[in-house]
1. Is the range 81-89 home to any residue that is more than 25 Å from residue 169 (Cα to Cα), exposed (fewer than 13 other Cβ atoms within 10 Å of the Cβ) and either in contact with a strand residue (DSSP E or B) (Cβ under 7 Å, 6 or more places away or on another chain) or not β-branched (Val, Ile, Thr) (or both)?
2. Search the range 129-147 for residues being in contact (Cβ under 8 Å) with a residue 40 or more places away in the chain, in contact with a helix residue (DSSP H, G or I) (Cβ under 6 Å, 6 or more places away or on another chain) and part of a helix (DSSP H, G or I), and hand back the single one that is farthest from residue 97 (Cα to Cα).
3. Can you work out which of the residues in the range 105-126 that are among the polar types (S, T, N, Q) and part of a helix (DSSP H, G or I) is nearest to residue 49 (Cα to Cα)?
4. Pull out all pairs, ordered by first then second residue, where Cβ-Cβ is under 9 Å, the residues are six or more apart or on different chains, the first lies in the range 18-30 and is surrounded by 13 or more Cβ atoms within 10 Å (Cβ to Cβ), and the second is among the β-branched types (Val, Ile, Thr).
Amino acid sequence: MQSLLLAVDRFSTWVGKTFAWCAVLLTLLISWEVFSRYALNRPHAWVLDMQIMLYGTLFMTAGAYTLAKNGHVRGDVLYGFFRPRTQASFDLLLYILFFLPGIVALTWAGWVYAGESLAIREQTFSAEPLPLYPFKYVIPLAGVTLMLQGLVEIVRCVQCIRDGAWPSREEDVEEVDVEKLKEMVHVDDADIQALDAVVVSKEHKA
């Protein structure tokens with residue numbers, strides 16, 4: 001079971017990292033348009049629509065990835081003080097009452113919405129229109145991946161209630177790897193404590 005949960009984590013991570021390239025495309029597109037508009041005096045009407053679609057795709061496809069890394073914001077003023085079993089019980093209740101109905105509705109409505117757009121070959125309202133229906137299919141895609149990851153999180157809640165501890169997750173890169181930084185500058189915890197003592201001593205003298 002644990003291997004299956006981690007496999008879904010890896011899939012959600014792959015989806016998130018794949019569509020994260022939209023950020024690179026978005027940066028290049030905006031930079032090129034700024035140059036084209038102000039240096040060449042040749043603006044393009046379709047660029048704004050493309051920017052919106054790229055950002056929307058990036059935002060929506062990051063949902064399952066963020067859930068896999070337990071990165072969504074929660075009001076944890078009290079939650080962080082609860083025991084794992086209590087946390088899991090609250091999470092399980094909220095997943096059943098709010099998450100599942102909301103994601104099912106998002107996926108179903110998004111599929112219908114995208115299908116209607118495809119049927120009329122919908123385009124953006126612009127002097128240089130772009131096809132809009134491919135972008136709208138991102139909605140059910142994001143819904144399916146988020147639903148899959150949500151089911152994994154529900155299983156994790158049940159396991160935590162049973163075992164009293166949260167099961168492991170697929171590891172990912174950290175924004176700052178403190179241990180690697182220590183290795184690079186040849187510093188250990190004893191050196192850091194000694195440096196802290198020196199700083200505190202100087203503050204007292206000042």
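We did not get these values from a lab; they are worked out from the coordinates using the rules stated. Worth saying up front: this structure is predicted, and the values here are computed from it rather than measured. Cβ atoms come from the backbone with ideal geometry, glycine included; neighbour counts cover every protein chain shown.
1. No, the conditions are met nowhere in the range 81-89.
2. 135
3. Ranking the qualifying residues of the range 105-126, first place goes to 117.
4. So the pair list comes out as 19/57; 19/61; 19/138; 20/61; 22/57; 22/61; 29/47; 30/47.
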